[in-house]
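Notes follow once the structure below has been shown.
The values are calculated or read from the model by the stated rules, or taken from the named source; none is laboratory data. Just so you know, these numbers come straight off a predicted model, no measurement behind them. We place every Cβ from the backbone using ideal geometry, glycine too, and count neighbours over all the protein chains shown.
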Amino acid sequence: MTHIKGGGRAPCDRGAMVPIKASLDAQHRQIDGLLTEVVRAARAGNWPAYHMRFAALREGLAAHMAFEEEALFPVLETSAGAAVRERRAEHAEIASYVETLSAASPRYDPEGCIAVLGQLEALLDGHHRAEMALDPQYANRPVPELLHGQPAAMDLRGLQAPEPIVRIFAALERSPEEPLRVILPHEPVPIYALLRERGFRYSGASRPEGGYELLIDRGA
C-alpha cells in the first residue's frame, strides 16, 4: 500500500460542541483505544467491524486535531512556537495516513493496511507524547469530547419481512442527512444495492450477543 501525502483537517464548530468533560490526556487514550480496535479488526479480517471502527477513529482524530489547531496551539505558540509548528506538521502527516486508509481496499491488501496502521500508531504515540510536553498542565485541563455518540439503534429483529426494509427507508426519507443505526436478525445484503442507488453508504458487523448492526449515512 503506497502512502499518499496530502489531506486536511475538519473545522472546529464551537457551536456544536458537546459538554466539556474529558481531558487532553483522556482524548489521547480514546484515540489510542479506537486505533487498537481498528488494528484488531484488520488482523482478524473482520472488515465490517474494521470499517465501523475506522469511521469512529477518523471522526475522533478530526475533532481532536481541530480542537488543538484552533484552541490549544494558538495559546502555546508564543512560548513554544517551534514545537507547535512541529505538531502542526505532524497533524498534516496524520491526516495523510487517514486519507490513505480511507481510500484503501483493506480486504484485498490486508498486510499493507496493517502496515500503514502500524505507522500511524507509531506517529500518534510520538505526537501525543510531544503534545503533553508542550505544557504539562494540559494533561488534566477540560477539553471537548471527541465524539457526539452514535445514533440510538432501531431494533428491527422482531418484525416480519418486508417490514424492516420498509421502516429503514421510511426513516431515511424522514431524515436523509442523519445517520441511521439499525439492529437486524442477520446481515441485510438484499438492501445494499438499494442503498447505493439512493446515495447512501453503509457499514456493519455481527453483534456478540446475536443479530447484525448496520450503520447507514449519506455518502459524500
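A few points about this structure:
- For residue 48: the one exception among (1) over 18 Å from the mean Cα position of the chain (by Cα); (2) in a helix (DSSP H, G or I): (1)
- Looking only at segment 199-216, and only at residues there that are surrounded by 13 or more Cβ atoms within 10 Å (Cβ to Cβ) and farther than 19 Å from residue 41 by Cβ, the one that is modelled with the highest pLDDT: 200
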